[in-house]
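Please treat every number below as a calculation from the coordinates, not as lab data. It should be emphasised that the depicted structure is a prediction, and the values quoted were computed from it without experimental measurement. For neighbour counting, all protein chains shown are included, and Cβ atoms are generated from backbone atoms with ideal geometry for every residue, glycine included.
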Amino acid sequence: TMKLIIGPSQAAGNPGRTPHNLHIMLKLRMRTEPNVPPVAKKTLLLVEDDDDLLEILRLTFEAEGFRCWTADNGEDALTLCRRHGPDLVVLDLMLPGIDGLEVCRRLKYEPSTRSIPIIMVTARDDTHDVVAGLEAGADDYVTKPIAPKELSARIRALLRRVKPEDTGLAPRTI
């Protein structure tokens, strides 16, 4: 099996490593790792301003059976969460406009989104930043470079702990 570790600009800095090529590599990886448990169609919102990293994460998680929505800024992330309520948010800290900390605070403040688990993913690994992210309401904090397999395990662990009625996303009448 191959180990794929991706930092914010690693994919962009390697000529010939396009998202399509990465998609093929990820498919091969998934076929060689049959021990990856299937996922009931859970929806992830991936919020990342690095287009290459966002595409790699999307392809990785879709190959594992997740439904993925993407946003490259805080405003779009808030809108998607409010309108559609994903099962989990993977949130970059440094975003254009509204940063990840503020997105996290707003999601945790609003009753309709407060129970959605959030994994903050960032290059900032200073203790102060980790504490700020967790105090803003993040359920987990992961630093870049990211090992997608580890991030997937963290996502699965958080989703196991959340019951549908806890998310505020139980079926509702409109």
Exercise for review: Specify whether the C-alpha gyration tensor of the range 61-124 places it in the rounded, prolate or oblate class, a ≥ b ≥ c being the square roots of the eigenvalues: rounded for a/c under 1.5, otherwise prolate if a/b is larger than b/c and oblate if not.
Suggested key: oblate
Point to revise | Debye, to nearest 20: dipole size of the range 30-159, +1 on Lys, Arg Cβ, -1 on Asp, Glu Cβ | key: 740 debye
Study note, to complete from the structure: With a ≥ b ≥ c from the Cα gyration tensor eigenvalues, square-rooted, and the rule rounded for a/c under 1.5, otherwise prolate when a/b > b/c and oblate otherwise, the range 46-174 is rounded
Practice item. May I ask you to order 150-159, 133-142 by the average number of other C-beta atoms within 10 Å around their residues, highest value first? Key: 133-142, 150-159
Point to revise | Other-chain or far-sequence residues with amide H under 5 Å of Met120's (modelled H) | key: Leu91, Asp139, Asp140, Tyr141, Val142
